[in-house]
Each structure stands twice: as C-alpha cells, then as structure tokens.
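Written out below as structure tokens is the structure these notes cover.
Only the coordinates and a few stated rules stand behind these numbers; no lab work does. Just so it is clear, the model here is predicted, and its values are computed rather than measured. Using ideal geometry, Cβ is built from the backbone for each residue, glycine included, and neighbour counts are taken over all protein chains shown.
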Amino acid sequence: MKRALFGAALVTWICVLPTAIGQNTGKTGAAFVDYCGYSNCIRLENDNTRVILSPHCGGRVLEYSLNGKNSLYINPNQNGWVYHPGKETIDPSGGRLDIGPEKTIPAHPNLWLGKWAAEITGPRAARMISCMDSDTGTQLTREFTLDESSSKLTVTQTIKNISKETKHFCHWSRTLAVGGGICIIPLTPNSRFPNNYIMYESGSFINYQPRDPNILVSDDYIKILGTPRFPKLGMDSYAGWLCYLTRDDLMFVKRFETYPDRVYNEIAGLTISIWYYKDVMCELEPIGPREDIQPEQSVSFTEQWWLIPYEFPKKPADINPQQVAQAVQKYTH
C-alpha cells in the first residue's frame, strides 16, 4: 500500500461529474442518503446488513455493517472532505479500491480522491463511475450488489482503457477494516517465499525470510495475531479467500478468483497484501493478475464480501484456523 500522500497534479482532462444520477428511485433496499458529512451517498440494505457508498472522494464504501456493527475503519476527521487539485490531500479511510501495480503506476489523484458519479441500478444495487483519467488513461466503474437476505456483497471493478495505447494494470483492493483483529490466510503449496510471506521493511528493502512473533505459519495457514514489526506484508496464496476477525465478534471474509497460470505484476508477484497498522486499522488487499488492456477495451475483477458472527478469541494465539476455514466454507457461497 502506498503510504505517501498524492501531491497536486495538473491534468489535461477535467473531471466534472455529478455526484448522483437521478433521485431515490423506489428500488428495494436502495436509497440516496446523507452520511459522514456527505450528501447523496447510496445506502444498500436488507434486514441485517447495510452498505453505504460514497462517490465524493474516490468511490469508496463508508459502511459495511452487520446488525449495526461497521467492519470498516472510518476516520471522523475526514468527514465531508473533498479533493481540490493543488490543495492538501488525505489518505482516505473506508472501503477503498484502486488499480496497480503499486510501484510503477502513475500517481492518479483524480481516481483515488476525486468525485465520481453514482446511481442506483436495481434492488440493493448501485454503480459508481470515475472521470476519464489522463494520468492512467483509464476510466473505472465499480458495481455493488447486496444479497437479498445475507451479508454477501458482490463488488466488481471494471477498468476501461480510454487511451490510444495498450495499458498493463491490475485490480488492487485496499479495504481498511477496523483495527486490532486477527487475519487468517490459507496457503497453497510451493510458495515462492521461504516463509510463505514477505515483509516490506525500511526503505525499499523486502525481506523474503521474515520472522515475527505476531505472525504464525502453521497448518497451511498464516495467522496475523497483532501488530508486526513492519506493517506491510505480501502473500502468493492461490486459495482465493482471506478473512479478518474483528473485536466486535465479526468475521469479514473476502473471496476472489486467482489465476496460477497468469502473471501477477506487483513487484513480488503478490495475490494478497496485508497492511496491519498498530491496532488502528488493517488493510485487506486482494490483488488481481496483470491485464493487458487494448484501447477502448475493458476488464473486470470481482470480489465477494461477507460478514459472519464469530466470537473473537480471548487469547488470539489460541485461534484455530481449521475452524475458521470451516466457517468460511459453510457460510460463504
């Protein structure tokens, strides 16, 4: 995850989009609402799950909650913040999405921080659309559909190449969950990393044989039990899911497709990255494979999110990853 703030940038294509398209349309479980200092956010909800989408600062998710418990980290000091080129910027909180690869993609503040368009598209369904971004030569669309009765949220990001040359980008999810939880990641055989994960340390150093008392590798799982020595970690698991246990007794699960025969163009070929910052927040980052996108073509990547009641262990080290995996298999389909 990039921690540096994006600086001001002059762009040749001005991004001016309406915040919301249309009014409340009467679609079941979908409405425009005010939230966190913003007007015209979109609320998707069923009997136990609520999702709040904000198009005002990078097309984010501000709430993903089960029975009133929000799983996302929200910084209240950012409420109502809007991007103005040339002015001070922020690193926004919430359920962010992005494109990569991290170290080679141009800075793209209009995608990351700018205003998007938003519309309700059906029962418990909505879409957010970015401006046409000259920095990357792309336009992004994010579609969200909440299940009728469960917490399942389907999130699809589409990258459209609006330039005249082939682009080589990947999907990069950057969801900030509430802090202090436990992350469980299933492993797959024959990892390229000796300890099944890497750690980004000071400067540009990547440690491919890290040791950390808060990261345990056993029984075909990685368990991140607390704040590691350095916050950014990377994995090459092809299992296609990860989960995060919150202190509010929730299990936040993400499922996504993986492609063992394709190129992953993050600098270390990652399929997952975790950024565990103290007890404040934990970033859950599925990463897609490299997409070679021809002019006027589009590619998509889908994540499926779930929230499941799951008691947080009194002693994190006692967490049983097999039991967690059984719950994932039982409740996320």
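Equivalent-ellipsoid semi-axes for the stretch 30-331 (Cα gyration tensor, √(5λ), whole Å, largest first): 28, 24, 18. The modelled label-to-label distance for the pair Ser218/Gln297, using points 7 Å beyond Cα in the direction of Cβ, is 4.7 nm.
For Phe230 and Gln323, the FRET efficiency from 1/(1 + (r/R0)^6), where r spans their Cβ atoms and R0 equals 30 Å, is about 0.55. Put a dot 7 Å past the Cα of Arg192, heading toward its Cβ, do the same for Ser149, and the two dots end up 4.4 nm apart. Label zone of Thr104 (point 7 Å out along Cα→Cβ, amide N under 13 Å): in the stretch 157-175 this covers 167-170. Note that the stretch 161-174 has calculated 3J(HN,Hα) couplings of 7, 9, 8, 9, 9, 5, 10, 10, 10, 9, 5, 9, 8, 9 Hz, one per residue in order, obtained from phi through the Karplus relation 6.51 cos²θ - 1.76 cosθ + 1.60 (θ = phi - 60°); glycine and proline are x. Amide H contacts of Glu63: Ile52, each under 5 Å away and 5 or more positions distant or on a separate chain (H built 1.01 Å from N in the peptide plane; Pro and chain starts excluded). Taking other Cβ atoms within 10 Å as a rough exposure proxy, Arg142, Arg229 sort from fewest to most as Arg229, Arg142.
With each label modelled as a point 7 angstrom along the Cα→C-beta vector, the Thr121-Gln209 pair spans 4.8 nm.
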